[in-house]
Amino acid sequence: MNTRRSFLQQLTTAAITLPLLSFEECTDAPQADVPYDGPVLRVAIMGLGGYGTRVADAMQACKKAKLVGVISGTPAKVKAWQTKYNIPEKNCYNYDNFDNIRNNPDIDAVYVITPNALHHPQVLRVAKAGKHVICEKPMALNAKEGQEMVDACKKANVKLLVGYRMHFEPKTLEIVRMRKAGEFGKVLFFQGLSGFRIGDPTQWRLNKQLAGGGSMMDIGIYSINGTRYMLGEEPIWVTAQETKTDKEKFKEGVDETIQFQMGFPSGAVASCLSTYAMSNLDRFFLDGVNGYAELQPSTGYGPIKGRTHKGELTQPHNTHQTVQMEEMAGIILEGKQPEIPVDGEEGLRDLKIIDAIYEACKTGKRIDLK
Ligand code: NAD
């Protein structure tokens, strides 16, 4: 029998001379590597571009989620991914035939990571094929599309989640916890600054047809979404102003910079900026009567950095997409409830605000939200 005594007796002199390793440490250590034998979400990624690759790489460290399939219009990319991630031929699809995924029992969910305008038709097709969907932000181009996606997934009895990776980020969650616990006192102000200088003028992000707009669809949405989870309220009105310094690069319907303001039932207000033309804009600031929180960077790939009136935030950095996929597997397979929702309704709330912001820019009026 393998008792502690017999184990110790078997130790060679060399092993005994191993410095400072107690028996307890020996037995505790391997638990971190205990093989996971619970349910695994088997995922196919649609759109093998920059972010799709980042998600695929991050998923290699997941226990509850596994990359098992691809959907792409580029056969060479499919081949490369098959080799890199060990993906079987039977789990590879293109944009013409991916409806056949309904007959594939080895795929549970599709993660849509294509240009914004494609999310709506692709999510509808995945839902019809009976698979769960994770869709990148922005979930769609407007609230009408978003509602159709929510309805289609409900009808097909599949889950619809949105790739809101910040909803699982530890420093973000700590601020939300503090706000809920009343540690900031009454919160009356939030500021969100989201932007970067965009390069290549020929990319889809600057094409109205594929992007659905400009900076607001791509990066400003982080300030909208962040305002909502930081304040824990839904806005009742928005105002917004658009400015454009480069009409050649940012054509009609592609916003370069938008400042926007939101008002909340509690009386809190938010002041935000979305831009494709400025550097160093990735910052959240929350102000309460008894304290404050700030994050900078606030929504990049991390490490996220920040502090509150109580001091620096020290929660550890983990690869966002690994944690996101692990948590989303829990939501889909085990019905886990995330601290901040990531479902289709959550994506839809942001789209309603985006619609209102564009309307406010066009009319110069304050837009009331239901
Ligand atoms: P990308 O250009 O790097 O990749 C897009 C992929 O879609 C490419 O592989 C391209 O071949 C494919 N594609 C399929 N049909 C296409 C078509 N008709 N036109 C153009 N490309 C087509 O873009 P990306 O940065 O990977 O962004 C994809 C999505 O992911 C966007 O919705 C974006 O907002 C989102 N995204 C999210 C995050 C995040 O942190 N959550 C980060 C980056 C991008």
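Considering Ala293, Ala268, Ala356, the condition of being within 19 Å of Asp218 (Cβ to Cβ) and either polar (S, T, N, Q) or more than 16 Å from the chain's Cα centre (by Cα) (or both) is satisfied by Ala356 alone.
When each of Asp37, Asp96, Asp106, Asp151 is tested for being touching a residue at least 60 places away in the same chain (Cβ under 8 Å), open to solvent by 50 Å² or more (accessible area, probe 1.4 Å) and of a type outside the set (Gly, Ala, Ser), the lone residue that passes is Asp106.
Of all residues in region 49-66, those that are within 10 Å of Glu326 (Cβ to Cβ) and assigned by TED's automatic domain parsing to the domain that holds Asp108 have Cβ atoms under 6 Å from Cβ atoms of residues that are assigned to a strand (DSSP E or B) and away from the ligand (no atom under 11 Å from the Cβ), 6 or more apart or on another chain, in Met59/Ala65; Met59/Leu67; Ala65/Leu41; Ala65/Val43. Within region 341-370, residues that are in contact (Cβ under 8 Å) with a residue 40 or more places away in the chain sit with their Cβ atoms under 6 Å from residues that are open to solvent by 40 Å² or more (accessible area, probe 1.4 Å) and assigned to a helix (DSSP H, G or I), at 6+ positions apart or across chains, in these pairs: Ile367/Glu359.
The conditions of being open to solvent by 50 Å² or more (accessible area, probe 1.4 Å) and hydrophobic (A, V, I, L, M, F, W, C) are not met by Met262. Arg177 passes all but one of (1) open to solvent by 10 Å² or more (accessible area, probe 1.4 Å); (2) touching a Lys or Arg at 6+ places or on another chain (Cβ under 8 Å); which number fails? Going through (1) open to solvent by 10 Å² or more (accessible area, probe 1.4 Å); (2) touching a Lys or Arg at 6+ places or on another chain (Cβ under 8 Å) one by one, Arg177 breaks only (2). Kindly establish whether Arg42 is outside any loop (DSSP other than H, G, I, E, B), more than 10 Å from the ligand (Cβ to nearest atom) and touching an Asp or Glu at 6+ places or on another chain (Cβ under 9 Å). When the stated conditions are applied, Arg42 passes them. Take the residues of region 273-289 that are within 19 Å of Tyr358 (Cα to Cα) and in contact with a Leu (Cβ under 7 Å, 6 or more places away or on another chain): which is surrounded by the fewest Cβ atoms within 10 Å (Cβ to Cβ)? Only one residue fits best here, namely Leu273.
Looking across region 300-340, the residues that are modelled with pLDDT of 95 or more, within 16 Å of the ligand (Cβ to nearest atom) and outside any helix (DSSP H, G or I) come down to Gly300, Tyr301, Pro303, Ile304, His317, Asn318, Thr319, Pro338, Ile340.
Kindly state which helices (runs of 4 or more DSSP H) lie completely within region 56-162 and contain at least 2 residues that are aliphatic (A, V, I, L, M), within 19 Å of the chain's Cα centre (by Cα) and away from the ligand (no atom under 13 Å from the Cβ). Spell out how you get there, then give the answer.
Values: elements: 75-85, 116-128, 143-156.
The helices (runs of 4 or more DSSP H) meeting that bar are 143-156.
Per the listing Gly213, Gly185, the residue uniquely modelled with pLDDT of 95 or more, more than 16 Å from the ligand (Cβ to nearest atom) and assigned by TED's automatic domain parsing to the domain that holds Cys272 is Gly185.
Every condition in (1) of a type in the set (Gly, Ala, Ser); (2) on the phi > 0 side of the Ramachandran plot; (3) touching a residue at least 60 places away in the same chain (Cβ under 8 Å) holds for Ser194 except the one numbered (2).
Screening the candidates Gly163, Gly146 for the property of being open to solvent by less than 20 Å² (accessible area, probe 1.4 Å), touching a helix residue (DSSP H, G or I) at 6+ places or on another chain (Cβ under 6 Å) and modelled with pLDDT of 95 or more yields one hit, Gly146.
The values are calculated or read from the model by the stated rules, or taken from the named source; none is laboratory data. Bear in mind the structure is a predicted one, so any value in this text is a computation, not a measurement. Neighbour counts are summed over all protein chains in view; Cβ atoms, including those assigned to glycine, are modelled from backbone coordinates with ideal geometry. All accessible areas refer to the heavy atoms of the entire protein, side chains included, with ligands and DNA or RNA removed. Shrake-Rupley method; radii C 1.70, N 1.55, O 1.52, S 1.80 Å.
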